[in-house]
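Visitor: Dumping the structure here so I can ask a few things about it.
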Amino acid sequence: MGEKILIVEDHHATRKNVSRFLQSQGYSVFEASDGLEALDRLNEDSMDIVISDFVLPKIHGLALVREIRSRWPAVGVIVMSAYLGQEAGKVILEREAEFVAKPLQLSHLAAKVYGVLLRKQMNHC
């Protein structure tokens, strides 16, 4: 494996928990605590997937997803949220991102990550 995943989550404990779990699955994991930090990280290094909370400081998750889609269209995006509001629903319906409900079930997140990576691989064939 070794695919690179960026976790964007303002809640420190959640970010660390997801990061440790994905590292234990063999992924290279990077972290950002807000949308601006995520964009800085993406400018510095290519990522295979961004897993982001939807409600973030500085740049809202919707704006972050749209920026990623615009600038890095090959990057897979998974949005995490405790509620599925109209904006999050629109992102999912338009196929801009996958969705994982909070509180997170790490096995469900792992399945989403695997699915996103599989689709990316199939698109490169």
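Just so you know, all these numbers are worked out from the coordinates, no wet-lab data involved. Computed from a predicted model, the values in this text were never measured in an experiment. Ideal geometry is used to build each Cβ from the backbone, glycine not excepted, and the neighbour counts take in all protein chains shown.
Visitor: Please compute the Kirkwood hydrodynamic radius of segment 1-68 from all pairs of different C-alpha atoms, in Å with one decimal.
Guide: Result for segment 1-68 stands at 11.8 Å.
Visitor: Another question, then. 5 Å is the cut-off here: which amide hydrogens, built 1.01 Å from N in the peptide plane, fall below it relative to F99, excluding neighbours closer than 5 in sequence?
Guide: Sorted by chain and number, the residues that satisfy this are V79.
Visitor: Gain in length, H108 to H60, computed as 0.36 nm per residue apart minus the alpha-carbon separation, to one decimal in nm?
Guide: Extra length available between H108 and H60 comes to 14.9 nm.
Visitor: For the chain, what percent of Cα pairs sit more than 21 Å apart?
Guide: 30 percent
Visitor: Cut-off under 22 Å on the C-alpha distance; same-chain residues fewer than 8 positions from K112 excluded. Which lysines are left, in chain and number order?
Guide: Filter leaves K4, K16, K90, K102, K120.
Visitor: Can you compute 3J(HN,Hα) from phi for each residue in segment 38-51, using the Karplus curve 6.51 cos²θ - 1.76 cosθ + 1.60 with θ = phi - 60°, rounded to whole Hz and x for Gly and Pro?
Guide: 5, 5, 4, 5, 5, 5, 7, 8, 6, 10, 8, 9, 10, 10
Visitor: Once every DSSP H run of n ≥ 4 in the chain is given -39500 (n - 2.57) and the sum is divided by its residues, what mean residue ellipticity at 222 nm do you get, rounded to the nearest 500 deg cm²/dmol?
Guide: Helix contribution divided over all residues of the chain: -15000 deg cm²/dmol.
Visitor: Right, here's the next one. At 7 Å along Cα-to-Cβ for each site, give me the label-to-label distance between T14 and N123 in nm.
Guide: Inter-label distance under the simple model: 2.5 nm.
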